[in-house]
Amino acid sequence: MAGASWIVTGRAEVDMSGRPGRACGRCGQPLSRYNPDTRCSTCARADASPTIPDRAWRDEQVHRALAAWDFGAVLGLVRRRSGLSQKAVRELTGLTQGFISDLERGLKQVNGRDTIIDVLTGLGLPSDLRPLLLVPFAQADSQRLVEAIDPALPWTAARMVTSLEAAVGGAMNGLNRRSVIAGLGGAGLTQYILQAAIAPPEAVAATARNGISVSGQLLTSLQSTTDALRQADASHGSGNLARAATAHLKVLLRLLKEGDFNEATGRRLASVTADTAIQTGWYHFDSGAHTVAHNLLLGALRAAHASGDSRLRAGALSFLAIHGYSAGDPREAVTAARTARQVIADQDAPALHAMLLTRQARGHARLREDRLAHIALEEAQVLCARGRGEDDPHWLYWINPGEVMGQTGSCLLDLGCPEQAAEAFAGARNAFSPDEIRTRAQFLSRAATAQMRAGDVDAGSATGHEVLTLVDGVRSARLDDNLASMLAEARRYSSAAPALELVDRGRAIMEERAA
């Protein structure tokens, strides 16, 4: 009120007439009349998410450390140039504070392709500096895989088979260092994604001497195996499925190389191969083998293109989007999802469009693009409410309003809005079938994290115990990551009995899962 004098009494601000003023919504301390926010300056600073500005990367020492793969030096240099604490870097990368300290002092190293990708993604490595990571490998490429995925080369059926054979070999025997580079993405991957939308169709007919006759009945049986594995994944996780799916994919590749089929049958064979390759890539991704999954999905995109089914192309791109926002560059997630929607622009497939919009929203949320994430989610909700369209594919049986609400919760959690995230997860929790154990556990673990992060320790602990009861027998590296995040959040409140009990129980279960 203009012209009034203000005094503070206890925890509330009042003017001289005795009318109450405003208090911080987080700590309850009185707010200055000059502060238009709902939080005091101390709480506003505490709630702000740490970021590494672009200028921190613009230093010759940082560039030399990247070229040498000295990630301890990279982390220390960009952290000090950003004015961030090791605790803030922990929030960005997921590394423990002790490991960060040892890494910067040269006592430990970052080992593993996926960990390297996670660290650089968390630190926000600018895309124009990624080529520096290629320096150690200038003379060590896998030419077969490079040629197979080069978007500048024609999208032929033979190259489709070559790319999947290379990916399957990697799935069984381990990939070379080129896979780390592929996992980091860049302009090449963006070009590959866009090429999938515009490349001319491939001819897939084949006549092999003494080859196996590929019949419609055989393809129906092979598709049913892919569908059965998909159903098992939703219940039990991918831990026991990746190897079986890889063997199934090898059978399909053998038919593509040695089978006898006409053009129509060849396209259907490519369709089953694409669906199987997408699922095989997903099983490896859910098992934690991100780079193997990435190469399988790149090959799956070629097979989907050969099938002539734009919905399968959209499906492959949707999983590449998941890879982007989970283990690669969120910008690639946005590109893949948007391209997929362009590919199916002529299809009556509101459910498929809704699913792709949630993938796009997750990419925006990881990039902290709040407005764009909300726009995508709102459109997804509208489309999902329309129900299934005539062209929605059979393999997209799981998309429903609850799934969209769950993805909304995940976006809100990434955007630093735990209270709203908890509400979204609450709206999603009853939408999943009791048989979809892994999926329920995945969303509930995020819900527990959101509840605790919002300050509701009792509700978060109760949800956490529900998750720990569900996970017995479910094998999923992604679920393990969510469990670890949930328990890390609980440790922040371990002075409270419910959180301490959850932490103790969770520690025993995680040790058992690791064993």
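The values are calculated or read from the model by the stated rules, or taken from the named source; none is laboratory data. Quick caveat: nothing in here was measured; it's all calculated off a predicted structure. Backbone-built Cβ (ideal geometry, glycine too); neighbour counts: all protein chains shown. Remember, those area values only see protein heavy atoms, side chains included, never the ligands or the DNA or RNA. Shrake-Rupley method; radii C 1.70, N 1.55, O 1.52, S 1.80 Å.
If you go through segment 84-96, how many residues are open to solvent by 70 Å² or more (accessible area, probe 1.4 Å) and farther than 11 Å from residue 122 by Cα? Within segment 84-96, residues that are open to solvent by 70 Å² or more (accessible area, probe 1.4 Å) and farther than 11 Å from residue 122 by Cα number 2.
Of the helices (runs of 4 or more DSSP H) lying entirely inside segment 323-386, none contains at least 3 residues that are aromatic (Phe, Trp, Tyr), modelled with pLDDT of 95 or more and within 25 Å of residue 301 (Cα to Cα). If you go through segment 231-247 and keep only what is surrounded by fewer than 21 Cβ atoms within 10 Å (Cβ to Cβ) and closer than 20 Å to residue 220 by Cβ, you end up with 231, 232, 244, 247. With respect to the stated conditions, residue 470 is open to solvent by 20 Å² or more (accessible area, probe 1.4 Å), of a type in the set (A, V, I, L, M, F, W, C) and within 28 Å of residue 231 (Cβ to Cβ). Of all residues in segment 330-376, exactly one satisfies the criterion of being of a type in the set (S, T, N, Q) and in contact with an Asp or Glu (Cβ under 6 Å, 6 or more places away or on another chain), namely 347. Quick one: is residue 471 β-branched (Val, Ile, Thr), farther than 25 Å from residue 284 by Cβ and touching a residue at least 40 places away in the same chain (Cβ under 8 Å)? Judged against the criteria, residue 471 is not a match.
Taking each residue of segment 241-254 that is farther than 17 Å from residue 285 by Cα and among the polar types (S, T, N, Q) and looking for partners that are open to solvent by 50 Å² or more (accessible area, probe 1.4 Å) and modelled with pLDDT of 95 or more with beta-carbon atoms closer than 8 Å, six or more apart or interchain, yields nothing.
Mind checking which helices (runs of 4 or more DSSP H) fall wholly inside segment 48-128 and carry at least 1 residues that are free of Cβ contacts under 8 Å to residues at least 40 places away in the same chain and within 24 Å of the chain's Cα centre (by Cα)?
86-93, 97-104, 113-123
For residues that are open to solvent by 40 Å² or more (accessible area, probe 1.4 Å) and either modelled with pLDDT of 65 or more or not in a helix (DSSP H, G or I) (or both), tally how many sit in segment 177-196. Residues flagged as open to solvent by 40 Å² or more (accessible area, probe 1.4 Å) and either modelled with pLDDT of 65 or more or not in a helix (DSSP H, G or I) (or both) within segment 177-196 amount to 6.
More than 26 Å from residue 478 (Cβ to Cβ) and open to solvent by less than 30 Å² (accessible area, probe 1.4 Å): which single residue out of 281, 288, 259, 216 fits that description?
Working: 281 fails: more than 26 Å from residue 478 (Cβ to Cβ); 288 fails: more than 26 Å from residue 478 (Cβ to Cβ); 216 fails: open to solvent by less than 30 Å² (accessible area, probe 1.4 Å).
After applying the criteria, what remains is 259.
Which of the residues belonging to segment 222-233 are modelled with pLDDT under 90 and over 15 Å from residue 287 (Cβ atoms)? Once the filter is applied, which keeps residues that are modelled with pLDDT under 90 and over 15 Å from residue 287 (Cβ atoms), segment 222-233 yields only 231.
Residues that are closer than 19 Å to residue 233 by Cα and out of contact with any Cys (no Cβ under 6 Å at 6 or more places or on another chain): list the helices (runs of 4 or more DSSP H) wholly contained in segment 412-515 that include at least 2 such residues. Passing ranges, in order: 437-453, 457-470, 477-491. Residue-level check: of (1) in contact (Cβ under 8 Å) with a residue 24 or more places away in the chain; (2) surrounded by 17 or more Cβ atoms within 10 Å (Cβ to Cβ); (3) within 26 Å of residue 25 (Cβ to Cβ), residue 417 misses just (1).
Scanning segment 376-414 for residues that are small (Gly, Ala, Ser) and buried (at least 22 other Cβ atoms within 10 Å of the Cβ) returns 376, 380, 406, 409, 410. Number of residues in segment 58-69 that are crowded, with 18+ Cβ neighbours inside 10 Å and of a type outside the set (A, V, I, L, M) equals 0.
Just to be sure I understand, how many residues within segment 264-278 are of a type in the set (Gly, Ala, Ser) and open to solvent by less than 10 Å² (accessible area, probe 1.4 Å)?
The initial filter retains those residues of segment 264-278 that are of a type in the set (Gly, Ala, Ser), namely 264, 266, 270-271, 274, 277.
Pick out the ones that are also open to solvent by less than 10 Å² (accessible area, probe 1.4 Å) and you get 266, 270, 274, 277.
Result for segment 264-278: 4.
Scanning segment 330-372 for residues that are open to solvent by 10 Å² or more (accessible area, probe 1.4 Å), in contact (Cβ under 8 Å) with a residue 40 or more places away in the chain and more than 9 Å from the chain's Cα centre (by Cα) turns up 331, 332, 335, 342, 343, 347, 348, 366, 368, 370.
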